[in-house]
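Please treat every number below as a calculation from the coordinates, not as lab data. Note that the structure is a prediction, hence the values are computed from the model and not measured. All Cβ positions, even for glycine, are placed from backbone atoms using ideal geometry, and neighbour counts span all protein chains on display.
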Amino acid sequence: MAALLALILLILPAAAVAAPPNIVILFADDLGYGDLGVYGNPSIRTPNLDRMAFEGQKWTNFYVGASVCTPSRAALLTGRLPIRNGMMSAKNRVLFPDSLGGLPGDEVTIAEILKPLGYATEAIGKWHLGHLPQYLPTKQGFDTYFGIPYSNDMDKTPDAPKGPELWKHPKIEYFNVPLMRDERIVERPADQTTLARRYTEEAVRFIRQHKSERFFLYLAYSSPHVPLFRSPPFAGVSLRGRYGDVVEEIDWSVGRILDALRDEGLAGNTLVVFTSDNGPWLIFDEFGGSAGPLRGGKGSTWEGGMREPAIFWWPGKLRPGTVQDLGSTLDLLPTIAAITGAKVPADRILDGYDLSPALFGAGKSPRNEMFYWRGDKLFAVRLGRYKAHFYTRSGYRHRQATAHEPPLLFDLGVDPGEQWDVAAEHPDVIEKIRKLAEKHKASIRPVKDQLLERSPTALTSQAGISTKVIRLEAAN
Ligand code: MG
């Protein structure tokens, strides 16, 4: 009997892998923990994401690997903290249009682990992991790419007004952001009012085109990052103003993609994950989002900067419900590897865990800690329900970090808003977290800072993204 059971247990995972599912990752930009209806927002309507959460799993302790765009994206695609591959640095927080670096070619992405299994792969939307030719998605395991190579607020033109006017009344021509297909610029400036719609059409086309194969779709929306653009049907529809309009258009997009999966009969064989790259950009007031009950936002290591809405959907496979276990975008690569049978790179440290037990209702998430890096410093560590801050600093504006000795300590179970320091009551917890932090820091090796080098000639001579070329293309 025991032998039979062992045999069954041996066969089960193999059977699961025999029909590996399609994978779809939907990644919003600067969407806060409190910005979806299903996460309690009273003004923004998100019926498609609400339904996705109802049919799937809503995670409430789910973290990104960094509180700003570039390092957070690197963490998701590689399962590694960006401090390990040079995608987080003390001087520059993200890549800029004149940056010379990018995600190193020897880093292994989710797309690259799935390619050997025969997956069709496409990246759509904001990349922000290097715009020079050697760093584009087509060099990181994606067959095709359609999107903008960095943030939608970059490449400001001389006509762009200074100050709040730019965010209150943004115009497409103020942001000379290129739209690319594969390695070529196809439009500049990108018509940002159409991006969410065109990303969606591209995604649905990709799904239909590859419905008889396995596919991996990575759709990184370039919104609701400021400047806030939406298509005409969504202008003025939300109680929450321009920001709400943009989130409601993302919700529409998610609905169309899930509909396409249902229509093609793929819902039972596709894992869809929706989350965001970092918390709300609070310095923009009503044009930024909300972290709901959490403290702080984008750029900071308070919970509002790095805890995100996260919805997993795979009808008939996942155990529906709310999951309070810890999870992270760092876990997506190992989880996808476990579900599909893909191989994870064995020659490097990964910072993720296989979340399958929690997804399939077989057990708890194996993640019990989270490391909150900012620049070259480990600012905070969560262990179980407790989080210790060794340093704090607001997301933007303040130039100095404040060191805390002893560290601030919050019980995130009773105090997710990080209001009441309980360090004095729990010296034992602080000691445990201190040891964990030291062990973790000892595992970090110095690497080349990919965000450091910038050159004014990058755009014209080396980037392949030349303003001159683009104007020629536009004229044709
Ligand atoms: Mg972002």
Tell me, how many Å apart are the Cα centres for segment 32-57 and for segment 112-132?
27
Calc'd 3J(HN,Hα), segment 240-250, phi into Karplus 6.51 cos²θ - 1.76 cosθ + 1.60 (θ = phi - 60°), Hz, glycine/Pro = x, comes to 8, x, 4, 4, x, 3, 5, 5, 5, 6, 4
From the Cα centre of segment 309-346 to that of segment 407-462, the distance in Å is 24
Would you give the gap between the C-alpha center of segment 252-278 and the C-alpha center of segment 165-237, rounded to a whole Å?
17
Using DSSP loop states and a limit of at most 13 other Cβ atoms within 10 Å to flag trypsin sites (Lys or Arg not before Pro), what is the longest stretch of the chain containing no flagged site?
163-342
Rg in Å to one decimal, and Dmax rounded to a whole Å, for the chain via C-alpha atoms:
21.5, 77
State which entries of LYS115/LYS168; LYS343/LYS364; LYS58/LYS156; LYS343/LYS439; LYS364/LYS432; LYS139/LYS377 exceed 32 angstrom in Cα-Cα distance in the structure shown.
LYS115/LYS168; LYS58/LYS156
Relative contact order %, segment 376-442, counting alpha carbon pairs below 8 Å whose residues are six or more apart
28
Please list 3J(HN,Hα) in residue order for segment 144-156, calculated via the Karplus relation 6.51 cos²θ - 1.76 cosθ + 1.60 where θ = phi - 60°; whole Hz, with x for glycine and proline.
9, 8, 9, x, 9, x, 8, 5, 6, 9, 8, 6, 5
Check the straight Cα-Cα distances from LYS317 and name the aspartates and glutamates below 19 Å, setting aside those fewer than 8 residues away within the same chain.
ASP50, GLU55, ASP259, ASP263, GLU264, ASP325, ASP331, ASP354
In whole percent, what relative contact order does segment 49-139 give with Cα contacts below 8 Å and a gap of six or more residues?
24
Can you tell me how segment 376-442 classifies by the Cα gyration tensor, rounded, prolate or oblate, using a/c under 1.5 as the rounded cut?
oblate
At a Förster distance of 51 Å, what's the computed FRET efficiency of LYS168 paired with GLU438, Cβ-Cβ distance as r, to 0.05?
0.60
In sequence order, calculated HN-Hα J values of segment 398-414 (Karplus, 6.51, -1.76, 1.60; Hz; x Gly/Pro)
7, 8, 10, 7, 9, 8, 10, 9, x, x, 5, 10, 10, 8, 6, x, 8
Note down the relative contact order for the chain as a percent, whole number, built from C-alpha pairs under 8 angstrom at least six residues apart.
25
Could you name the lysines in cross-link range of LYS162, using Cα to Cα under 28 Å and dropping any fewer than eight places away on the same chain?
LYS91, LYS126, LYS171, LYS298, LYS468
